[in-house]
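The values are calculated or read from the model by the stated rules, or taken from the named source; none is laboratory data. As the structure is a computational prediction, the values presented were derived from the model and not from experiment. Note that we place each Cβ from the backbone using ideal geometry, even for glycine, and neighbour counts take in every protein chain shown.
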Amino acid sequence: MAANKARVKSVEESIRDTEEPDHQLKKNLSALDLTVFGVGVIIGTGIFVLTGEAAKTTAGPAVAISFVIAGLVCALAALCYAELASTVPVAGSAYTFSYATMGEAVAWIIGWDLTLELALGAATVSVGWSGYLNQLLGDLGIPLSTSIAGEDATVNIPAMLIALLMTGVLVLGIKLSSRVTSIIVGIKLVVVALVIVVGVFNLTKSNYSPFIPPAESGESEGGLAAPLIQVIAGFTPSTFGVGGIIAAAALVFFAFIGFDIVATAAEETKNPQRDLPRGIFGSLAICTLLYVAVSLVVVGMQKYSELSVTAPLADAFRSVGLSFVSSLISVGALAGLTSVVMILMLGQSRVLFAMSRDHLLPPAMAKVHPKYGTPYRITIGTGIVVALLAGFFPISELAELVNIGTLFAFVLVSIGVVVLRRTRPELDRPFRVPLVPVLPIVSALASLWLMLNLPAESWIRFVGWMVLGVVVYLAYGRRHSRFSAIGAAERKAAGQQAGGER
């Protein structure tokens with residue numbers, strides 16, 4: 001009764017819902033598939049861009065340490081995701097975990113928040129994909145008009161096409177999606193490996209000195225563009241020195257965003273209790289090693305103070321007479337962004353699928369394709385929305401909303417571990433976070449600190465989106481959910497219909 005008052009959906013009921021005939025996803029994924037998905041979504045343009053920006057403006061050659069720190073912060077959140085994903089192996093990731101720990105209202109908020117992270121993220125990356133495609137075509141002498149390609153396009157045709165193409169792949173099955181991702185990830189890993197190997201033979205020892213440049217006072221932003229922590233406490237960021245390394249960690253952290261999407265595929269995993277933790281930690285470890293290696297190569301090839309902020313890797317190779325590598329980097333970036341678009345839409349469709357199955361959104365949206373075993377209606381709808389956003393809206397200014405949405409999910413998942421340990425201590429937990437509640441609390445605080453380093457204007461937009469979500473929940477979700485009279489009647493009717501069909 002207490003659970004019903006709090007509108008908490010039990011772990012047992014969450015798992016039982018996965019067996020409904022109309023909402024049953026095919027279990028085709030292994031730990032290797034999940035690791036590939038994780039690497040596919042984490043490694044995007046960050047490895048080609050953020051390394052130079054962070055090294056030149058904030059940390060110097062010690063940017064490699066910044067990547068390690070950011071990786072450790074992500075590892076704390078990954079511990080929490082791994083425990084909850086192995087305990088509640090159901091589609092929806094942070095949304096499902098929140099429903100089982102803190103109740104329906106918090107679950108709706110995090111589901112609405114994930115929509116901001118995933119759909120907007122996929123649209124933003126599609127626009128970036130269009131830009132890299134046009135850059136590559138320009139190198140070949142056949143560039144597209146800037147009116148139809150690139151960030152400033154009137155109608156961004158390539159961005160729309162890549163979103164719709166990846167939608168088709170997702171509809172045709174999770175195993176096909178995994179195979180396509182494997183091919184794309186293979187291409188970009190080969191490119192990254194070649195960059196590292198070729199770069200190692202062109203290092204200059206003096207470029208690493210000083211490894212940690214002396215600290216300097218940073219330039220503070222003004223108005224709403226300033227980080228929220230600066231607005232609240234008058235905190236002025238520093239560059240270089242130890243403070244610069246930490247500040248750079250907040251910057252490069254966003255190159256790691258995406259590992260949490262592995263948890264959204266829990267319901268399509270053959271052995272989720274074992275494979276989900278392996279997929280989450282495997283992808284995070286691989287990407288951290290690659291980020292550190294690339295950052296050490298780029299600052300060794302060119303003095304950190306001379307690095308390009310927009311295209312550091314390409315510029316570093318040009319500085320040692322290897323300009324042909326520039327096109328190779330464009331190919332790697334293009335491949336990287338292709339998999340990012342697809343996996344972000346995969347995560348988005350699974351979150352909406354879980355919300356529809358719980359009747360917080362229209363339940364008809366959650367119907368699974370009888371042949372392909374995918375939530376095709378939601379996937380197609382997600383693809384159309386992402387294509388329209390990418391094709392018609394100037395969304396570059398909203399990209400930071402992706403970051404704040406992700407960090408907010410990290411905070412709630414970390415808290416969820418502590419709550420579920422206290423409310424359901426008897427549950428079987430194939431993977432357990434050590435040192436509870438200390439590590440989950442540290443994880444939540446670390447994520448909150450990074451959120452506070454985002455601009456105040458991002459916080460205003462984020463709060464506005466959340467307020468809109470509350471309105472939608474009160475107008476539809478709460479009235480139709482499984483805990484309402486309307487929702488109970490709808491579920492009973494659906495059950496009778498399914499029984500009659502059988």
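So which of PRO425, PRO440 ends up being closer than 21 Å to GLY103 by Cβ, more than 19 Å from the chain's Cα centre (by Cα) and not in a helix (DSSP H, G or I)?
PRO425
As an exercise: evaluate ALA59 against (1) in contact with a strand residue (DSSP E or B) (Cβ under 9 Å, 6 or more places away or on another chain); (2) among the aliphatic types (A, V, I, L, M); (3) modelled with pLDDT under 85 and give the number of the one condition it does not meet.
The one condition ALA59 does not meet is (3).
Residues LEU344, LEU334, LEU322: which one is under 19 Å from the mean Cα position of the chain (by Cα) and either surrounded by fewer than 24 Cβ atoms within 10 Å (Cβ to Cβ) or under 17 Å from GLU53 (Cβ atoms) (or both)?
Exactly one residue qualifies, and that residue is LEU334.
In this structure, does GLY111 turn out to be at pLDDT 85 or above, buried (at least 24 other Cβ atoms within 10 Å of the Cβ) and in a helix (DSSP H, G or I)?
Yes.
Against the condition in a helix (DSSP H, G or I) and crowded, with 24+ Cβ neighbours inside 10 Å, how does VAL125 come out, does it pass?
yes
Could you tell me whether VAL298 is more than 23 Å from the chain's Cα centre (by Cα) and over 16 Å from PRO61 (Cα atoms)?
no
I need every pair where a residue in the stretch 201-228 that is modelled with pLDDT of 70 or more and among the hydrophobic types (A, V, I, L, M, F, W, C) has its Cβ under 9 Å from the Cβ of a residue that is surrounded by 12 or more Cβ atoms within 10 Å (Cβ to Cβ) and in a loop (DSSP other than H, G, I, E, B), sequence separation at least 6 or different chains.
Listed by first residue and then by second, the contacts come to ILE212/PHE240; ALA215/PHE240; ALA226/SER220; LEU228/ASN453; LEU228/LEU454.
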